[in-house]
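Some notes on the structure that comes next.
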Amino acid sequence: MLRCRSVWRKLSPLARASSTLCRENARRAGLNNGRSVRVQTAHMSTGPAGGGGRQSQIYALLVGAAAVGGGIYAYQTVKGDQQRYEERMAHILSRSQKAAEQETAVPTQSEPPDVPETEPEAASSSEEPISLASDSEAAAPTEPTEPLSAVESTPASAKIPSHAPYLLIGGGTASFAAARSIRARDPNARVLIVTDEPDLPYMRPPLSKELWFSDDSSVTETLRFKQWNGKERSIFFQPPSFYIQPEELDSAENGGVAVLTGKKVTHMDVRGNKVKLDDGTEISYNKCLIATGGVPRNLQAIERADEEVIKRTTLFRKIDDFKSLDNVSRNAKSITIIGGGFMGSELACALGRRSTESGLEVVQMFPEKGNMGKVLPEYLSNWTTEKVKREGVKVIKEALVKSVTFKDDKLEIQLKDGRLVETDHIVAAVGLEPNVDLAKSAGLEVDSDFGGFRVNAELQARSNIWVAGDAACFYDIRLGRRRVEHHDHAVVSGRLAGENMTGANKPYWHQSMFWSDLGPDVGYEAIGIVDSSLPTVGVFAKATAKDTPKAATEKSGTGIRSESETEDTAVSPVASTAPATAVEQHRDNYGKGVIFYLRDKVVVGIILWNVFNRMPIARKIIKDGEEHADLNEVAKLFNIHED
Amino acid sequence: MSYCKQEGKDRIIFVTKEDHEAPSNAELIADDPEDPYEEQGLILPNGDINWNCPCLGGMASGPCGSQFKEAFSCFHYSKEEVKGSECIDNFRNMQECMQKYPELYPQEEDKESSSQAESDSASSSALSPENDATQSTSNPSPTDGKTAS
C-alpha cells in the first residue's frame with residue numbers, strides 16, 4: 001500500500017507536467033486556429049482533433065501507459081493478496097481442529113467476489129482486496145452453515161427436547177438473568193438454555209479479580225472465593241440443583257430452567273421458528289433470546305506467529321482460561337499482558353500481587369499513554385498507571401506490537417519503536433469480538449459501527465427474537481445507540497429481554513453501571529458513556545483510609561458491587577467487621593471524587609472515584625439529561641466528603 | 001477553598017468539606033412513581049407483587065418458585081387480623097419443597113430469609129407511595145449463593 005502511494009507520487013508530477021504542457025500547446029494551437037474555448041475545456045481528451053499534435057500524442061501514450069501499468073499492478077496486488085490470504089487461511093486451518101473440512105470450501109467461494117470488484121486505480125485497489133479479504137474472512141464462519149443445512153437433520157436425541165417455549169442461545173450472564181426473569185413472570189415457564197461451554201451459567205468478574213486473591217489453593221476446582229469480609233460464594237449463579245434436566249423440560253409440572261451444555265447453535269430458521277445445533281438436532285421455539293456474547297480478540301501479530309507462540313498465548317474469558325493462566329502463573333518466570341483496558345489492568349494487578357510472593361515478573365504493555373487510557377481522562381489515567389506500577393507491574397506505555405517470535409525457549413515481543421520484551425507467556429486482552437455467527441442464517445442485521453446484532457430499544461431483533469448482553473447493539477433512549485460489554489449490563493439487558501419475552505414491551509431505560517478495582521486502593525464505579533475523548537469535569541476531595549474498595553465491600557457485604565444496590569432487603573444482615581484503623585491521609589490529589597463526562601454540555605457519563613454506594617444519584621443525573629450550569633453544584637449531591 | 005485547573009479539555013476542581021457544606025442548587029427532575037419504564041420495587045404501584053424484583057433473589061424463579069409465589073401472595077393479600085394466618089398450608093408446601101433442595105435453600109436460613117422478606121415487604125409497601133428515590137429499585141443482579149433462590 002505504501003509502495004503504490006510512493007509510485008503514484010512519482011507519477012503525479014509527470015502527469016501534471018504533461019498535462020500543463022498539453023494545455024499550453026493546445027492553447028497556442030487554439031489561438032492560432034481561433035478555437036481557444038473548446039481546447040481549454042477538452043484538455044484531457046486524448047483525441048488528435050484538439051490541437052497539440054505530437055504533444056498530445058505523447059500525453060495519450062503516457063496516460064495509456066499509466067492505465068496499463070496501474071491495471072497490471074492492481075491485478076498483481078490482488079493476486080498476491082489472494083495468495084497471502086489463502087496461505088494464511090491454510091495456516092489457520094492447519095492449526096484449528098474443528099470445522100477444518102468446512103472452511104476449505106470458503107477460499108474458493110470468496111474468489112469470485114474479489115476479482116470483479118478491482119479497479120484500475122492504483123491507490124485504492126490495494127486497500128480494497130484487503131478489506132474484501134477480511135469481509136470474506138468474516139463471512140467464513142457463517143459459510144459452514146450452508147453445507148450443514150444441506151445435511152438432513154437427524155432426529156432429536158432422547159436427551160434434547162424438540163421444542164422449548166423459551167429458547168435462550170448462550171449460557172452466560174444475560175441468558176441467566178433472562179431465564180430468571182421469565183420464570184418470575186410466567187408461572188411454570190419452561191426455559192431451555194443452550195450453551196457451547198461445558199459449564200453452567202457463571203459470572204465473569206471474579207475470574208479477573210476475586211478468584212486471584214483467594215487464599216484457598218483449590219480455588220481452581222471449587223471456583224469459590226472469599227470476599228474481603230469473609231463471606232464466600234461461588235462464581236456460578238446457582239448450584240446444579242436449581243436447574244432441571246433437559247429431558248425433563250416437557251414433563252416438569254412447574255416447568256423450570258434446563259441447561260444444555262456443550263452444544264452450539266449453528267443455524268437459525270426464523271420463518272420456521274427453530275434452530276439447529278452442531279450435531280444436527282433441531283429445536284423449535286416460541287420465543288428466542290440470542291445471548292451469544294463474544295470471543296476475545298487477538299493481535300494480528302500473534303495470529304500470524306507460529307505454533308509455539310500461540311501455545312503460550314492466553315485469550316482470557318472463560319473458566320478454562322482462568323485455570324490455565326493460574327497454572328502458568330505458578331510455573332512461568334515472566335508473563336506479559338498486552339492491553340491496557342479493564343481486563344488487562346485487572347489481570348496485571350492480580351498477577352502483580354502474586355509476583356510479590358513468587359518472584360514472577362509481570363509486564364503490561366499497551367498503545368495508550370496510561371492504564372484505562374480510553375476511559376479515564378489523562379491525569380487520572382496517569383495516576384492509575386502509577387498505582388498499577390505499585391502493584392508490582394512493569395508498565396510499558398505507547399507500545400505497539402510488531403511481531404512475536406519464539407526464540408531460545410522465550411517469547412520475543414518486538415515493538416514497532418524497536419523495543420524488545422522477552423517473556424514466557426502472553427495474555428492478550430485487546431477487546432471482544434461480538435459473536436454474530438447466527439446473523440446470516442437468521443437474517444439479522446449486524447451493526448457496522450459497534451458490532452453485534454442490531455436491536456431496537458426493547459432489545460428486539462425480529463418477531464420472537466431478542467438479543468441481550470455483549471452481543472446486543474441496542475438503542476438507548478437517553479444515550480443513543482450503543483453496545484455495552486459489562487456484567488451489570490448483561491444482567492439488566494437479560495432481565496429486560498426476559499420481561500419483554502413475557503409480554504412487557506419495556507425499553508432499555510434503567511441504566512446499567514460497571515465497576516473496576518485496581519488493587520485495594522483504587523476502585524471506581526461508573527455509569528453511562530465513559531469515553532476519555534469526551535470533555536470531563538472532575539471534582540475531588542482528599543481520601544481517607546475508609547474510602548477504598550476494601551472498605552466498600554466490608555460495608556455492603558458483597559464484592560459484586562452492582563448487587564450492593566439491590567440485595568439489601570431480602571438478604572440477612574452480615575456481621576460488620578471491625579472499623580478501619582487509623583485514618584490515613586493519602587498524599588495523592590485524586591483520592592476520591594466524581595468525574596462527569598459531557599456531550600454537548602449534558603452529562604452522559606459519571607465515574608465515582610473511590611466513592612461508593614451513590615450510584616442511584618448518578619443514575620438520576622444521567623436519566624434527567626439536563627444541562628447543568630455548575631457541575632460543582634451537581635457534585636455536592638454526592639457528598640463526597642462523607643463515607 | 002476550592003481551586004480549579006484545566007488540562008486541555010478536562011477540568012479539575014478540588015473542594016474542601018466546607019465548600020460542599022452549602023446545599024446544592026442543582027435541580028433534579030421529580031420522579032414519577034407511576035412511570036412504567038422505571039424499575040419497580042417489590043410492590044408495584046397497583047399493589048401487586050413484583051416477582052421480578054432483584055430483592056427476592058431467585059426465590060420466585062427456582063424449583064420452589066410456584067410454592068413461594070402462592071404462599072407469599074396469600075400473605076400479601078391477607079386481610080386477617082394476624083396477617084397470613086390462613087396461609088399456613090401454603091407455607092408448609094413451600095417449606096416441604098425447599099427441604100428437597102437444601103443446597104438452594106439452606107435450612108437454618110430458610111425461615112430467617114422468608115420472614116425477612118415478609119417484614120421487608122410490609123415495610124416497603126408502606127414506604128413505596130411516599131418515595132422511591134432511596135428504595136432499592138436499581139440493578140438486578142446474580143443471586144447470592146447462600147440466600148434462598
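The values are calculated or read from the model by the stated rules, or taken from the named source; none is laboratory data. In this text the structure is predicted, and so the values were computed from the model without any measurement. For neighbour counting, all protein chains shown are included, and Cβ atoms are generated from backbone atoms with ideal geometry for every residue, glycine included. Surface areas here come from the heavy atoms of the whole protein model, side chains and all, with no ligands, DNA or RNA. Shrake-Rupley method; radii C 1.70, N 1.55, O 1.52, S 1.80 Å.
Kindly provide the set of residues from segment A:606-627 that are outside any loop (DSSP other than H, G, I, E, B) and within 22 Å of A:ASP643 (Cα to Cα), ordered by number. So that I can check it myself, show each step before the final result.
From segment A:606-627, those outside any loop (DSSP other than H, G, I, E, B) are A:606-609, A:615-624, A:627; that's our starting set.
A:ILE606, A:ILE607, A:LEU608, A:TRP609, A:MET615, A:PRO616, A:ILE617, A:ALA618, A:ARG619, A:LYS620, A:ILE621 - these are the residues of segment A:606-627 that are outside any loop (DSSP other than H, G, I, E, B) and within 22 Å of A:ASP643 (Cα to Cα).
If you take the residues of segment B:77-107 that are touching a Ser or Thr at 6+ places or on another chain (Cβ under 9 Å) and hydroxyl-bearing (Ser, Thr, Tyr), which of them is surrounded by the most Cβ atoms within 10 Å (Cβ to Cβ)?
Among those that are touching a Ser or Thr at 6+ places or on another chain (Cβ under 9 Å) and hydroxyl-bearing (Ser, Thr, Tyr), it is B:TYR105.
Which of the helices (runs of 4 or more DSSP H) contained wholly in segment A:123-207 include at least 3 residues that are open to solvent by less than 40 Å² (accessible area, probe 1.4 Å), at pLDDT 50 or above and of a type outside the set (Asp, Glu)? So that I can check it myself, show each step before the final result.
Numbers: elements: A:127-139, A:145-150, A:173-185.
Where helices (runs of 4 or more DSSP H) fall fully within segment A:123-207 and carry at least 3 residues being open to solvent by less than 40 Å² (accessible area, probe 1.4 Å), at pLDDT 50 or above and of a type outside the set (Asp, Glu), they are A:173-185.
Could you please find all residues in segment B:48-66 being part of a loop (DSSP other than H, G, I, E, B) and more than 9 Å from chain A (Cβ to nearest Cβ)?
Just the residues of segment B:48-66 that are part of a loop (DSSP other than H, G, I, E, B), to begin with: B:48, B:50-53, B:57-64.
Once the filter is applied, which keeps residues that are part of a loop (DSSP other than H, G, I, E, B) and more than 9 Å from chain A (Cβ to nearest Cβ), segment B:48-66 yields only B:ASP48.
Within the set of pairs 6+ apart or on separate chains, which have a first residue in segment A:397-419 that is farther than 18 Å from A:GLY340 by Cα, a second that is open to solvent by 30 Å² or more (accessible area, probe 1.4 Å) and in a loop (DSSP other than H, G, I, E, B), and C-beta atoms under 6 Å apart?
Close Cβ pairs (under 6 Å, with a partner that is open to solvent by 30 Å² or more (accessible area, probe 1.4 Å) and in a loop (DSSP other than H, G, I, E, B)) amount to A:LEU411/A:ARG312.
Give the residues of segment A:487-526 that are open to solvent by 20 Å² or more (accessible area, probe 1.4 Å) and assigned to a loop (DSSP other than H, G, I, E, B), sorted by residue number.
Result: A:THR502, A:GLY503, A:ALA504, A:ASN505, A:LYS506, A:TRP509, A:PRO520, A:ASP521.
Inspect all residues belonging to segment A:575-589 and state whether any of them is out of contact with any Leu (no Cβ under 6 Å at 6 or more places or on another chain), modelled with pLDDT of 70 or more and either open to solvent by less than 30 Å² (accessible area, probe 1.4 Å) or outside any strand (DSSP E or B) (or both).
Start the filter on segment A:575-589 by keeping residues that are out of contact with any Leu (no Cβ under 6 Å at 6 or more places or on another chain), which leaves A:575-589.
In the following step, the residues that additionally are modelled with pLDDT of 70 or more were identified as A:589.
Then keep just the ones that are either open to solvent by less than 30 Å² (accessible area, probe 1.4 Å) or outside any strand (DSSP E or B) (or both); that gives A:589.
Yes, that holds for at least one residue.
Looking only at segment A:621-643, how many residues end up being open to solvent by 30 Å² or more (accessible area, probe 1.4 Å) and closer than 20 Å to A:TRP515 by Cβ?
Number of matching residues: 5.
Give me the residue from segment A:224-236 that is buried (at least 20 other Cβ atoms within 10 Å of the Cβ) and closer than 18 Å to A:ASP320 by Cβ and, out of that set, farthest from the other protein chains (Cβ to nearest Cβ).
A:PHE225
B:GLN40 passes all but one of (1) in contact (Cβ under 8 Å) with a residue 24 or more places away in the chain; (2) open to solvent by 20 Å² or more (accessible area, probe 1.4 Å); (3) more than 9 Å from every other protein chain (Cβ to nearest Cβ); (4) not in a loop (DSSP other than H, G, I, E, B); which number fails?
The failed condition is (4).
Test each condition in (1) touching a residue at least 12 places away in the same chain (Cβ under 8 Å); (2) out of contact with any helix residue (DSSP H, G or I) (no Cβ under 9 Å at 6 or more places or on another chain) for A:SER329 and report the one that comes out false.
For A:SER329, the exception is condition (2).
Hey, which of the strands (runs of 3 or more DSSP E) in segment A:249-321, taking only ones fully inside, have at least 3 residues that are open to solvent by 30 Å² or more (accessible area, probe 1.4 Å), at pLDDT 95 or above and closer than 29 Å to A:GLN460 by Cα? Outline the logic, then answer.
On the way: elements: A:256-260, A:265-269, A:274-277, A:282-290, A:294-296, A:313-315.
In segment A:249-321, the matching strands (runs of 3 or more DSSP E) lie at A:282-290.
Can we say B:GLY65 is open to solvent by 50 Å² or more (accessible area, probe 1.4 Å), among the small types (Gly, Ala, Ser), free of Cβ contacts under 8 Å to residues at least 24 places away in the same chain and over 25 Å from A:LYS620 (Cβ atoms)? Spell out the reasoning first.
On the way: open to solvent by 50 Å² or more (accessible area, probe 1.4 Å): no; among the small types (Gly, Ala, Ser): yes; free of Cβ contacts under 8 Å to residues at least 24 places away in the same chain: yes; over 25 Å from A:LYS620 (Cβ atoms): yes.
Judged against the criteria, B:GLY65 is not a match.
From the list B:SER73, B:SER121, which one is touching a strand residue (DSSP E or B) at 6+ places or on another chain (Cβ under 9 Å) and either under 18 Å from A:PHE242 (Cα atoms) or modelled with pLDDT under 85 (or both)? Step through it out loud before you land on a result.
Values: B:SER73 fails: either under 18 Å from A:PHE242 (Cα atoms) or modelled with pLDDT under 85 (or both).
Among B:SER73, B:SER121, only B:SER121 is touching a strand residue (DSSP E or B) at 6+ places or on another chain (Cβ under 9 Å) and either under 18 Å from A:PHE242 (Cα atoms) or modelled with pLDDT under 85 (or both).
B:ASP31 - would you say it is of a type outside the set (A, V, I, L, M, F, W, C) and open to solvent by less than 40 Å² (accessible area, probe 1.4 Å)? I'd like the intermediate steps shown before the answer.
Working: of a type outside the set (A, V, I, L, M, F, W, C): yes; open to solvent by less than 40 Å² (accessible area, probe 1.4 Å): no.
In short, no.
Could you check how many residues of segment B:1-17 are out of contact with any helix residue (DSSP H, G or I) (no Cβ under 8 Å at 6 or more places or on another chain), part of a loop (DSSP other than H, G, I, E, B) and facing another protein chain (nearest Cβ under 9 Å)?
3
Taking the options A:ILE235, A:ILE283, name whichever one is of a type in the set (Val, Ile, Thr) and within 14 Å of A:LEU167 (Cα to Cα). Spell out the reasoning first.
Working: A:ILE235 fails: within 14 Å of A:LEU167 (Cα to Cα).
Result of the check over A:ILE235, A:ILE283: A:ILE283.
Residue by residue, here is whether (1) within 28 Å of A:ILE640 (Cα to Cα); (2) within 7 Å of another protein chain (Cβ to nearest Cβ); (3) not in a loop (DSSP other than H, G, I, E, B) holds:
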| position | (1), (2), (3) |
| --- | --- |
| B:ALA26 | yes, yes, no |
| B:PHE68 | no, no, yes |
| B:HIS76 | no, no, yes |
| B:LYS79 | no, no, no |
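Quick one: in segment A:375-396, which of the residues that are within 14 Å of chain B (Cβ to nearest Cβ) and in contact (Cβ under 8 Å) with a residue 60 or more places away in the chain is most open to solvent (accessible area, probe 1.4 Å)?
Taking segment A:375-396 and keeping what is within 14 Å of chain B (Cβ to nearest Cβ), we get A:375-383.
When the remaining residues are screened for being in contact (Cβ under 8 Å) with a residue 60 or more places away in the chain, the result is A:375-381, A:383.
Numbers: A:VAL375: 18, A:LEU376: 2, A:PRO377: 1, A:GLU378: 101, A:TYR379: 12, A:LEU380: 0, A:SER381: 5, A:TRP383: 31 Å².
By that ranking, first place goes to A:GLU378.
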